[in-house]
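The values are calculated or read from the model by the stated rules, or taken from the named source; none is laboratory data. None of these values were measured; they are calculated from a predicted model. Counting neighbours? That spans all protein chains shown, and the Cβs are built from the backbone with ideal geometry, glycine included. Just so you know, the surface numbers come from the protein's heavy atoms only, side chains and all, with ligands and any DNA or RNA stripped out. Shrake-Rupley method; radii C 1.70, N 1.55, O 1.52, S 1.80 Å.
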Amino acid sequence: MSRQDDQQPVYLLHGLLGTAYGHFSGQIRTWNGRYQVIPIDLPGHGRCRLDAGPDYLDTALRYVVALVERFGPGRLVAASYLGGPLATRTAAARPDLVRSLVLTGFAPGLDRDVFLTLLAGFGTLVDADAALMAEYDRLHGARWRATLAAFTQHVERAFETTALVRPQDLAALDVDTLLVNGTLKSVERAAATDARRYGPRVWGHVLDGAGHIASHDAPEQFNEAVEAFWRKETAR
């Protein structure tokens, strides 16, 4: 990998009610100084000054695109079903800004009812777990409930055009894409195992023993897989 490749920005997009520094702490520690790492806290999350509002995913997409336009084309690394759809939509809408795409904790083609059931479980889980509620308050302040509500309402209204990423959507991207998932979530494991079926520019990697946020659960193995993908990307 050349020094020019090293200087490409690496944008980190977290999952719902996470932060870039939480979901990608192991990557930030390792890659800072080697790459131009740009952690992005999305609207209503963490250090982002922009609160959540109506049409949440469209606003968040504009926010991501504006940051990538500001710092320059680079590699996107995205987690779960907030970061993943946003990164994919960015690559589809602005291929000139995205050099490669890494998705983790993600499987294309998730059913709408399953997705909404997962979202409903967030509130139930937090209400039953005082420690988790305190952690969300620490990370996001009191606004996290409004963020969750705005995201949920937008997905309910426009799932197909906001949160859904179909297998054919991955295949249509004009960018090399890597799915890195753990073994503990069967749907995600299967997506990474069979990633080549999604298209000629889609690859997969499975991390043994990792869960939904593989970048956090197995940071060293995650970093190795992603950097190997980047080396192959520059050689292709």
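Against the main long axis of the alpha-carbon atoms of the chain, helix 80-93 sits at an angle near 50°. Computed from backbone phi with θ = phi - 60° and the Karplus coefficients 6.51, -1.76 and 1.60, the 3J(HN,Hα) list for the stretch 195-203 is 4, 4, 6, 7, x, x, 10, 10, 10 Hz; x is used for glycine and proline.
Backbone phi angles across the stretch 156-163, fed through the Karplus curve with coefficients 6.51, -1.76 and 1.60 (θ = phi - 60°), yield HN-Hα couplings of 4, 7, 9, 4, 5, 9, 10, 9 Hz in residue order; Gly and Pro are listed as x. Between the amide H of VAL102 and those of LEU76, VAL77, ALA78, LEU178, distances stay under 5 Å, these residues lying 5 or more places away or on another chain, with hydrogens modeled in the peptide plane. Could you state the angle between the C-alpha long axis of helix 130-140 and the longest principal axis of the C-alpha atoms of the chain, as a value from 0 to 90 degrees rounded to the nearest 10? For helix 130-140, the angle is close to 60 degrees. Please label the shape of the stretch 70-197 as rounded, prolate or oblate, based on the square roots a ≥ b ≥ c of the eigenvalues of the alpha-carbon gyration tensor (a/c under 1.5 means rounded; beyond that, a/b larger than b/c means prolate, else oblate). It is prolate, given that a/c is not under 1.5 and a/b is the larger ratio. On the stretch 1-126, 51 percent of the accessible area sits on carbon and sulfur atoms, based on a 1.4 Å probe. Here r is the Cβ-Cβ distance between GLU227 and ARG157 and R0 is 30 Å; the resulting FRET efficiency, rounded to 0.05, is 0.15.
Largest to smallest in accessible area, the residues ARG75, ARG89 fall in the order ARG89, ARG75 (1.4 Å probe, all protein chains included). Residues of the stretch 153-171 with amide nitrogen under 17 Å from the 7 Å Cα-to-Cβ point of LEU116? 153-165, by backbone N distance to the label point. Per residue, the stretch 1-74 exposes 45 Å² of accessible surface when a 1.4 Å probe is rolled over the protein heavy atoms with every protein chain present.
Rounded to two decimals, the Cα radius of gyration of the stretch 103-142 over 2.2 N^0.38 Å is 1.45. The length gained on full extension between ALA92 and ARG143, counted as 0.36 nm times the residue separation minus their Cα-Cα distance, comes to 15.3 nm. Label sites at ARG166 and ARG34, each approximated as a point 7 angstrom past Cα along Cα to Cβ, lie 3.8 nm apart.
For the stretch 165-171, 3J(HN,Hα) computed residue by residue from phi via the Karplus equation (6.51, -1.76, 1.60; θ = phi - 60°) reads 10, 7, x, 5, 5, 5, 4 Hz, glycine and proline entered as x. The H on the amide N of LEU207, modeled in the peptide plane, is under 5 Å from the matching H of ASN181, GLY182, THR183, each at least 5 residues off or on a different chain. Relative to the current alpha-carbon distance between ASP194 and ASP51, full extension at 0.36 nm per residue lengthens the span by 47.7 nm. At the residue level, THR161 shows approximately 100 square angstrom of accessible surface with a 1.4 angstrom probe and all protein chains present. Of the beta bridges in the stretch 1-152, as assigned by DSSP with both residues counted there, near 0 percent are antiparallel. Assign one of three labels to the stretch 154-226, namely rounded, prolate or oblate, based on the Cα gyration tensor with a ≥ b ≥ c the square roots of its eigenvalues; rounded applies when a/c is under 1.5, prolate when it is not and a/b is larger than b/c, and oblate otherwise. It comes out oblate by the Cα gyration axes.
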